[in-house]
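> Take this structure first; my questions come after.
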DNA sequence: CTATGATTCAAACGAACGTATGAATCATAG
DNA sequence: CTATGATTCATACGTTCGTTTGAATCATAG
């Protein structure tokens, strides 16, 4: 079995898809643009991934698998160190958002490109992408929400969820970095 | 000149476009979907607006003209009342975001539909839309930034701009309301 | 009522899209 | 070296896209 060329082709497609989906969105990025940027044949995407939908899911899975594991690992580590006592909210924030931002410095894990793709995709209109992302995030999100509930027992849960949403929004917008409102300075 | 039918057709197209661009994004919304939802002929969009690009710009202009004027009016009114003294930051925040949120209760001005469209479009991948939005926002944004600079003379300007961005992100994400991370509760 | 200009309509255009096909090319096992 | 299965390739398929066209229909002015 020839593995070397396959691995090259697959990764070049994933890299090109990551960058182009970030720059032009899912619908705005054509297969021909991806394959020409990756310097592979047009049919390569369908051969290796099956479809355009499967491709973008694999683009995310490649990065999110690590991010999910790392976020979970950090949280469990902090909880073990706390030995039953509730964590400080700032610890949980750092576990969730700090882990994400440290990913931006790691070019091997997608760097700022993937971060901006992720930030923009949280408001992506395509239904199947949002559904897929929600599913990928579900387990870790629930664990972090539970951690916040324990750390802030006097704050209503609905209020905590709102604050979490606001942090997510502020982060993803800053990350997406469209500068839509920079207005020239 | 027949004005009655034209006005109906134009507004029905704008309403359908507003709702569909919100739900499926710019690239994800076809002319045929818009015209069938608006119950007008396929060629009506090109006849009345010229192109799909011009249509979405008109969808935004219809609402943003009022929002820009209202935000400016509120700010000037507060500054006049303050008679030269700096405004409280919370006043400026309310002038900018309060005005936006009050728009959500006004169905005549687009209500939550336009608000969600606006929230999602701030991270829209299409270049020309972000450029257009930045241009529409530029004047008012600069005036509000200046107001913040005066209200918070001891805070570095770059820090103020960051905080403004975070507020914008938190607001637009909460407004967009994709629930991408609701994870089922 | 008739003429005129604005608007609507059905139909078609060429281009771009995602995907499928079958032959050519490659790396490796025997 | 030859056979085999994986991969790449040029090409084409059917669909959908935004836009255009010219005739039909409408409302109003004279």
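No lab work stands behind these numbers, since they all come straight from the coordinates. Predicted model only: the values in this text are computed from it and were never measured. Note that each Cβ is placed from the backbone with ideal geometry, even for glycine, and that neighbours are counted across all protein chains shown.
> Given the residues A:42, A:20, A:33, which is the only one that is over 26 Å from residue A:94 (Cβ atoms), in contact (Cβ under 8 Å) with a residue 12 or more places away in the chain and within 10 Å of DNA strand C (Cβ to nearest atom)?
After ruling out the rest, the residue left standing is A:33.
> Which residues, taken from segment B:21-56, are more than 14 Å from chain A (Cβ to nearest Cβ), near DNA strand D (Cβ under 6 Å from one of its atoms) and in a helix (DSSP H, G or I)?
If the condition is that a residue be more than 14 Å from chain A (Cβ to nearest Cβ), near DNA strand D (Cβ under 6 Å from one of its atoms) and in a helix (DSSP H, G or I), then B:31, B:32, B:46 are the ones that fit.
> Here are the criteria: (1) closer than 15 Å to residue A:15 by Cα; (2) at the interface with chain B (Cβ under 10 Å from one of its Cβ atoms). Tell me which single one residue A:108 does not satisfy.
That leaves (2) as the condition not met.
> Right, another one. Within segment A:67-83, is there a residue that is within 23 Å of the chain's Cα centre (by Cα), within 16 Å of DNA strand D (Cβ to nearest atom) and either over 17 Å from residue A:113 (Cα atoms) or within 14 Å of chain B (Cβ to nearest Cβ) (or both)?
The initial filter retains those residues of segment A:67-83 that are within 23 Å of the chain's Cα centre (by Cα), namely A:67-78.
Of the ones still in play, those that are also within 16 Å of DNA strand D (Cβ to nearest atom) are none.
For segment A:67-83, residues within 23 Å of the chain's Cα centre (by Cα), within 16 Å of DNA strand D (Cβ to nearest atom) and either over 17 Å from residue A:113 (Cα atoms) or within 14 Å of chain B (Cβ to nearest Cβ) (or both): absent.
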